1. Counting Lys +1, Arg +1, Asp -1, Glu -1, what net charge surrounds residue 349 among other residues with beta carbon under 14 Å of its beta carbon?
2. Count the DSSP beta bridges whose two residues both fall in the chain, then state the antiparallel fraction as a percent rounded to the nearest 5.
3. Where a Cα-Cα gap under 29 Å defines reach, which lysines qualify for residue 224, not counting those fewer than 8 residues away within the same chain?
4. Can you give the local net charge around residue 116? Use residues other than it whose beta-carbon is closer than 15 angstrom to its beta-carbon, Lys and Arg +1, Asp and Glu -1.
5. Can you tell me how much longer the chain between residue 398 and residue 377 gets when fully stretched, taken as 0.36 nm per residue apart minus their C-alpha distance, in nm with one decimal?
6. Please label the shape of the range 366-451 as rounded, prolate or oblate, based on the square roots a ≥ b ≥ c of the eigenvalues of the alpha-carbon gyration tensor (a/c under 1.5 means rounded; beyond that, a/b larger than b/c means prolate, else oblate).
7. Can you bin the range 170-322 into rounded, prolate or oblate? Criterion: square roots of the alpha carbon gyration tensor eigenvalues sorted a ≥ b ≥ c, rounded for a/c under 1.5, prolate for a/b above b/c, oblate for the rest.
8. Using only the Cα atoms of the range 263-375, build the gyration tensor, take square roots of its eigenvalues as a ≥ b ≥ c, and label the shape rounded, prolate or oblate: rounded if a/c is under 1.5, else prolate if a/b is larger than b/c, else oblate.
Amino acid sequence: MSLLKRLNEKSLSSSATEGRQDSSTPQKREGTRPKDSELKIALQSHLISELKKKPDLTDEEQKELIEAEATKFFNEKNDRLSFEGKKELTDAVTHELIGYGPITALLNDPNVSEIMVNGPYQIYVEKKGKLVLSDYYFRDNDHILQVIEKIVSPLGRRIDESSPMVDARLPDGSRVNAIIPPLSLVGPTITIRKFPQNRLQIADLVGFGSLTEEMAQFLDACVKARLNIFISGGTGSGKTSLLNVLSSFIPDDERIVTIEDAAELQLGQDHVVSLETRPPNIEGKGAVTIRDLVKNSLRMRPDRVVIGEVRSGEALDMLQAMNTGHDGSLATGHSNSPREMLSRLETMVLMAGMDLPIRAIREQIAGAVDLIIQQSRLKDGSRKVVKITEVIGMEGETIVLQDLFTFNQTGTTAEGKVIGNHGSTGIRPYCSEKLERYGFELPAEWFNGDN
């Protein structure tokens with residue numbers, strides 16, 4: 001897309017005036033000098049005028065032009081900046097023109113997994129599961145709004161006083177949430193859950209200690225044997241990453257329909273149809289919800305339905321689909337334990353507006369869901385599968401669960417790292433017969449009760 005189509009003209013004019021009091025483009029907190037600010041303003045104005053002459057360049061061509069023109073600019077100015085200083089100025093202006101301002105460097109940092117902008121002067125990042133305050137900041141609230149607009153505009157979404165919250169995604173699939181005043185009292189906020197540059201594989205999760213090789217092979221067999229699987233966990237526990245990995249087990253010859261609020265899943269199969277919700281327009285009409293997409297997906301001849309997150313009345317449609325021939329469905333939901341996940345499913349079914357008896361709802365859940373995987377983020381920031389729990393049916397008014405694999409925490413190191421181990425509970429799965437019908441033999445040593 002042309003730079004001119006994406007640049008906010010108001011942004012350009014304001015940066016040339018407001019920047020004289022501070023930095024026209026954000027940079028690290030240290031080392032901002034008045035002369036640097038003047039140079040940034042002049043460099044940015046020069047680059048904008050040059051880019052206007054060539055409006056049809058690709059992003060890569062724009063970067064090359066910016067580097068060439070910046071070099072020419074510094075030579076003409078004969079400024080005695082060091083090589084590092086010139087590069088820092090050039091990078092800052094580049095991030096402003098064809099990136100996302102000060103958070104561009106954080107988006108490019110492979111060690112950063114999440115970015116949290118709390119107003120213009122506070123940007124936190126998550127590194128290795130821990131939150132730390134970064135050295136980057138925005139110029140003011142308007143500067144953040146310009147970046148938000150640059151993110152949401154290509155997706156056909158909007159954010160303003162009448163619609164002060166928005167969910168979106170970056171081109172690489174990273175999930176973005178933004179909320180602005182008057183709802184946010186600290187100024188515009190942005191939360192970005194970065195998408196891994198390299199798609200995680202099950203071997204990566206085993207290497208991270210999220211689960212064992214035996215658990216991985218068991219889940220592989222369960223997905224291929226078309227068990228209905230629910231991934232439960234808290235915010236930031238790694239549910240979507242695990243869903244992505246489990247989805248990779250689906251055979252290539254099956255048609256997959258994915259349903260999400262903001263498309264994050266990146267499946268490696270060829271036959272994938274990705275559906276995404278749509279917010280209401282400025283008149284409050286035209287919204288398309290997860291529930292609408294779940295209903296429609298069943299008319300699309302899916303072999304598998306993968307739902308990014310179940311949080312409302314779509315739970316009823318999902319359960320009905322699982323109970324009427326759409327085996328092998330995958331979904332995630334927020335909960336602290338498998339038992340709580342079942343309670344949440346009951347509540348979500350009631351949110352569909354159907355006056356169903358609780359027993360009927362529980363029978364639907366018991367008949368639809370085969371496996372619940374509990375994912376957690378521990379105190380040291382590590383993410384682990386802490387339970388693989390099987391739903392085996394109803395006993396009276398209660399849904400019966402049995403844990404197959406659990407994580408047993410035994411302590412913590414002096415550095416705060418969690419010590420523990422995964423192991424089986426010694427119970428052979430109720431679903432063994434179904435797995436064997438699909439040709440999967442479960443070794444007895446997987447269920448030797450080593451936990």
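No value in this document is a laboratory result; all are computed from the given coordinates. In this text the structure is predicted, and so the values were computed from the model without any measurement. With ideal geometry, Cβ positions are generated from the backbone for all residues, glycine too; neighbour counts draw on all protein chains shown.
1. On the way: positive: 291, 311, 344, 359, 362; negative: 314, 317, 346, 355, 363.
Result for the neighbourhood of residue 349: 0.
2. Details: 48 of 69 bridges.
Rounded to the nearest five, the antiparallel share is 70 percent.
3. Partners within reach: 194, 239, 295, 384, 387, 434.
4. On the way: positive: 127, 130, 175, 193, 194; negative: 109, 114, 126, 135.
Net local charge, residue 116 excluded: +1.
5. Values: separation 21, 0.36 × 21 = 7.56 nm, distance 2.86 nm.
So the extension gain works out to 4.7 nm.
6. Numbers: a/c = 2.54, a/b = 1.72, b/c = 1.48.
Prolate.
7. Values: a/c = 2.05, a/b = 1.29, b/c = 1.59.
In terms of gyration-tensor shape, oblate.
8. Values: a/c = 1.57, a/b = 1.20, b/c = 1.31.
It is oblate, given that a/c is not under 1.5 and a/b is not larger than b/c.
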